[in-house]
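Read-outs: derived from the displayed coordinates by stated rules, not from any lab. In this text the structure is predicted, and so the values were computed from the model without any measurement. Glycine gets a Cβ as well: all are built from the backbone with ideal geometry, and neighbour counts include every protein chain shown.
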Amino acid sequence: MDLPVLNASATAETGGGCDSHSCGSSDDQLGHLPEHIRAKVHNHPCYSEQAHHYFARMHVAVAPACNIQCHYCNRKYDCSNESRPGVVSEVLTPDQAVKKVMAVAANIPQMTVLGIAGPGDPLANPERTFATFRELSEKAPDIKLCVSTNGLSLPESVEELSKHNIDHVTITINCVDPDVGAKIYPWIFWNNKRIMGREGAAILIEQQQKGLEMLTARGILVKVNSVMIPGVNDEHLVEVSKVVKSKGAFLHNVMPLIAEPEHGTFYGLMGQPGPTHEDLQKLQDACAGDMNMMRHCRQCRADAVGLLGEDRGQEFTMDKIEDMEIDYPAAMVKRAEVHAQIARELEIKDQARAAKAELVAIQGQKKDGPKTRPVLMAVATKGGGVINEHFGHASEFLIYEASEFGVRFIGHRKTIPYCEGGDTCGDGESALDVTIRELSGCEVVLCSKVGYEPWGPLEAAGMQPNGEHAMEPIEDAVLAVYAEMGAAGKLDAKPELQQKAA
Amino acid sequence: MAFEIIETCVNCYACEPLCPNQAIYQASPHFLINPDKCTECIGDYMDAQCTSICPIEGAILDDLGNPVNPIGSLTGIPMELLAQYQTALDATYQAALDAKTA
């Protein structure tokens, strides 16, 4: 059997606990892509799982208007404490946006990507969106530009998009069937009319598919985002994945529905539940046979700044950047140095990985060994691909699955940091409960340090805290812990797991 | 005969470029309609444009002071449910407003 673990050209035949293209400790989900596409995405945190540990992105909120209504969105409650799409604290003019981008790029040199994602639909605000792109492509040519859209106005915008050298477009496609769409989109604004229900959904779907085809025909990379809404489009998304892949989309990002009553959305108020972590993973795995899946999306705000999973937007509010003097040519030099440094670091890692891949491939020849069961592990990191975050400071954990086939990235889970610092640990108890609930299913929690207090409750919940691999590369540490578990006889496959893996 | 934008407007800009009479303008704390210019789109479009794209139920009133898009007409959220959560939603909305003015 071809070992998918560390093999860049893994294919769908690889079964068992790891039947996705994204599988592999070494490579991210882009491993099998042609070189010219990899070159386009290697430093794009939203397109490359590996890149998201190193490179940062930002969104500028220049596009407040929207031309459709989605049942998971409510434009009324833009709260600065919420982290979800469609939400922003301040809408910017194109000039303000350009200033902000250059301020961030100069201060966070790892920032490689500027996206316009709303808070409405960027292509429903073409003047504001394209004015921003136009000015940025002149003033900051070292920043990648990308855009995210619901697709309704996409066909008419493709020409203009290709003019601005935007080579990444994300389309949110939740369905390819108007009957499903009628349950997600109450209305669209189309040809000077509001069109309700199924009829509107049908037009939206047609425009999305047409736009997707037009973009891929021009060689523009398209990622498709889908919101998983249990009971509405969950099973249907497998079909969506097939259809968009056949039309040339290169990455599919299935995200969980975010719906709480206090958001005031239709789904939130109607009590529509989001998927469990397990259901989301199952669906992503089901789609993965046909399509590259993105699993590291953080569903960030339309004005997010920083590495995925962090938001440094508050450091760059308009009043703060007003006073910043930006020497962009100088900043570009520094940025190029930082990017080269990261590239060197990644190259060294790739080489180490390739060497190891060979070793594993040789060991993998004998497949008579006993079957071991897959194990989920939670990892606290603040970037760089290493375990470098204290348990108590982590606001999210990355989830990895170790199995006899290797290690693969599954996703992330957000939580409340157990303690924001030394002083507040005393009343951190409820935050710990949240973390334990969010990490359900994980058997190991890897972090750079973990305190005495959370240790007991974590163990009691069946999660072994582990601070022994601080500063080690995540995949190496996960594999090492998995090997230790094996040596301790903790990986004997349970009958049902064996069945699944067969 | 003119429409009026009221305080529940969220300043999303969607209506402004659509107005055939340039009657809509940005103002603080929210967009406004110049009643002398507004024709409710009669003669230009079958449906009034601002009220056809506005995502906020109740944010635009007709000349009798009635919402053109009444509560529940766009989102389909039943009124009882909205009422039930109104206090929580008001708090969220107020917090958002406070954050903006802070």
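Under the 0.36 nm per residue contour assumption, what length would be gained going from the current alpha-carbon distance of residue A:393 and residue A:488 to full extension?
31.2 nm
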Mean per-residue count of partner chain Cβ within 10 Å for A:112-120 equals 1
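If we count other beta carbons within 10 Å of each Cβ, what is the order of A:246, A:440, fewest first?
Details: A:246 10, A:440 14.
So the residues, fewest neighbours to most, are A:246, A:440.
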Please turn the phi angles of the range A:400-412 into ³J(HN,Hα) values with the Karplus equation 6.51 cos²θ - 1.76 cosθ + 1.60 (θ = phi - 60°), one per residue in order, whole Hz, x for glycine and proline. 10, 10, 9, 8, 5, 8, x, 10, 9, 7, 9, x, 9
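May I ask you to derive the FRET efficiency for residue A:206 and residue A:440 from their Cβ-Cβ distance with R0 = 56 Å, giving the value to the nearest 0.05?
Details: r = 41 Å, r/R0 = 0.73.
With R0 = 56 Å, the Cβ-Cβ based efficiency is 0.85.
Given Cβ point charges of +1 (Lys, Arg) and -1 (Asp, Glu) and nothing else, what value in debye, to the nearest 20, does the dipole of chain B about its Cα centre take? Don't skip to the answer; put the middle values down first.
Details: 2 positive and 13 negative charges, 52 e Å.
For chain B, the charge dipole is close to 240 debye.
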Given a Förster distance of 35 Å, report the FRET efficiency between residue A:355 and residue A:162 from their Cβ-Cβ distance, rounded to the nearest 0.05. 0.30
Which whole number gives the average count of other chain Cβ atoms within 10 Å of the Cβ atoms across peptide B:70-82? 4
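Based on the Cβ-Cβ distance of residue A:347 and residue A:324, what FRET efficiency does E = 1/(1 + (r/R0)^6) give at R0 = 45 Å, to the nearest 0.05? Display every interim value, and only then the final one.
Numbers: r = 33 Å, r/R0 = 0.74.
The calculated FRET efficiency here is 0.85.
Taking the number of other C-beta atoms within 10 Å as the exposure measure, put A:252, A:168, A:339 in order starting with the fewest.
Numbers: A:252 25, A:168 22, A:339 17.
Ascending Cβ contact count within 10 Å gives the list A:339, A:168, A:252.
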Against the longest principal axis of chain B, how steep is helix B:79-101, in degrees 0 to 90 to the nearest 10, with axes from Cα atoms? 80
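As a footprinting exposure proxy, order A:391, A:266 by other Cβ within 10 Å, with the fewest listed first. Write down the numbers at each step before the final one.
Numbers: A:391 26, A:266 22.
So the residues, fewest neighbours to most, are A:266, A:391.
Using the Kirkwood radius over Cα pairs, work out the Stokes-Einstein diffusion coefficient for the range A:35-322 at 20 °C and 1.002 mPa s, in µm²/s as a whole number.
Working: Rh = 18.9 Å.
For the chosen part, D equals 113 µm²/s.
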